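Below is one structure; the comments refer to it alone.
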Amino acid sequence: MNYKESVRWLFDLINYETTNVSSNETDGTPPLARRFDLSRVHKILESLGSPHHTGLIVHIAGTKGKGTTAALLYSVLTANGYNTGLFTSPHLHSIRERISINGEKLTQAEFADLAVSIRGIVQPHNDNHPNDKITTFEALTCMAFLAFKRSAVDIQIIETGLGGRLDSTNVVDSSIVGITSISEDHMEILGTTLVEIAKEKFGIIKQSVDVVSAPQDATIVPLLELICDEKKASLTLVGKNLSVAKSAGSMLGQEFRVWGDIQGRPVDHDLRTNLLAEYQLENAAVAIGILEKIRDRGYPVAYDKILLGFNNVDWPGRFEIIKETPLVIADGAHNPYSAMRLVETIATDFPNRPVQMVVGLSKDKDASAIARELSPIAKGIVVTKSNHARSMEPEIVEDAFWETGIPVRTEPTVNDAIDRAIIQTPKDGIVVITGSLFVVAEAREYVLGIEPERIMES
């Protein structure tokens, strides 16, 4: 298989990123248990020589911020000279973004070679087990572990895809676990309450690991503490053991301090990051806590490399300025909580500036709740949809915003929506593109002139 053939093969597998996980099955079995089974991934990895046991493993789950936290760690550890692998999802412009080593995504040849290596295991399994097929994400997970073994990485940074307990990444024996902010999302899959959702995400906590968590809702902190106690896992909680505060900021980045105590050891860092939005500082604090735990595991991390890594971190599409005149910001706020934090940031960092929003959502999102969160700062909304199969029809999003009393227009494509929003924006105004990372990806491609991979369309 060449690169295009390998991508097509992967996306011909069962792919819950383009289809509805819960489907129409009504046998009463919880969607997670019905759809996800770690035994499939274990079988593939055993056939590959158990590559997932390579190096020190940091496993990260959460609703918002897990990718940012992973990117910060990756940037710092690579700057420090460690052979570091990163597995994250989804991607913006190329599927190769999901697996990277030492600051570089896989080449097309490397990606295709990995796909060939696992196809000989995956395809016979799927042919012989039509009701228990290996999925696209499971295959990608195995490819990542195989890539990391081939490169003999020192440290793996693994971001969960969905949930945690039954996520295909949860085959690892992690040493350190990061838990970022948990909010209500994917409720049709993970559970109908915050506690149920948190229980799934806390499922990556294993015996005797070190856990570093972002501040969490008061209803789920007792559950986190109980699980850590049962697993004899040390817990560092931002907001309790670690504190973070912003000292200065501009459109170029933020200066901040992280301080506190980790198991009796004082921690105090004055830092800077090129990431915008104050909510990113919680993720930075989680990253600092994890870096302290990496040190405890025998991997020294130099302070100047933390500064360098935080300054140079590359994590696009998260409160990213993609155009300065007029100011255009892209942020993949995909649920009500994310939308609320986006609004807080705009109101704090750009007060009294008129805001036009371009919004497109995925089918499984609560359009009305997201519209209620975004509407307080919006002077106008331009609704659209991405080319992704999971995109919500614009009419549904439009109706949700009309209910808030905000003027709404609909454009058929992301490009058209951006053009419309810019026309409607005064010189001192801001265009905010949000709702899903699929919309953000197309916005970046249009505004920044990035050539996307259209393999499935060619």
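Read-outs: derived from the displayed coordinates by stated rules, not from any lab. A quick note: this is a predicted structure, and the numbers were derived from the prediction, not measured. Note that we place each Cβ from the backbone using ideal geometry, even for glycine, and neighbour counts take in every protein chain shown.
Data for the structure
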{"item": "FRET E, pair H42, N387, Förster distance 45 Å, beta-carbon r, rounded to 0.05", "result": "0.80"}
{"item": "Under-5 Å amide H pairs with I430, H placed in peptide plane, nonlocal only", "result": "V355, Q356"}
{"item": "Using alpha carbons only: equivalent-ellipsoid semi-axes of the stretch 320-457, gyration tensor based, whole Å", "result": "20, 18, 13"}
{"item": "Which of L448, Y299, V328, positive extreme of dipole for the chain (C-beta unit charges)", "result": "Y299"}
{"item": "Label-point gap, in nm, between A152 and E225 - each point 7 angstrom along Cα→Cβ", "result": "4.6"}
{"item": "Karplus-derived HN-Hα couplings along the stretch 259-265 (A = 6.51, B = -1.76, C = 1.60, θ = phi - 60°), whole Hz, x at Gly and Pro", "result": "8, x, 9, 10, 6, x, 9"}
{"item": "Binned Cα-Cα distances of the chain, short to long, each 10 Å bin given as a whole percent", "result": "4, 21, 31, 28, 14, 2, 0"}
{"item": "DSSP bridge pairs, the chain: antiparallel proportion in percent, nearest 5", "result": "40"}
{"item": "Per-residue HN-Hα couplings for the stretch 248-254 [Karplus 6.51, -1.76, 1.60; θ = phi - 60°; Hz; x = Gly/Pro]", "result": "6, x, 7, 6, 9, x, 9"}
{"item": "Efficiency of FRET from Cβ geometry, R265 and I455, R₀ 51 Å, rounded to 0.05", "result": "0.55"}
{"item": "Interchain or long-range residues, amide H under 5 Å from T410's placed H", "result": "V383"}
{"item": "Cβ-placed point charges (K, R +1; D, E -1), dipole of the stretch 262-313 about Cα centre in debye, nearest 20", "result": "240"}
{"item": "Antiparallel bridge percentage (DSSP; both residues within the stretch 320-457; nearest 5)", "result": "20"}
{"item": "Residue-by-residue Karplus 3J(HN,Hα) for the stretch 51-56, coefficients 6.51, -1.76, 1.60, Hz, glycine and proline x", "result": "x, 6, 9, 7, x, 6"}
{"item": "Cα gyration tensor shape of the stretch 373-438, rounded if a/c is under 1.5, else prolate or oblate by comparing a/b with b/c", "result": "oblate"}
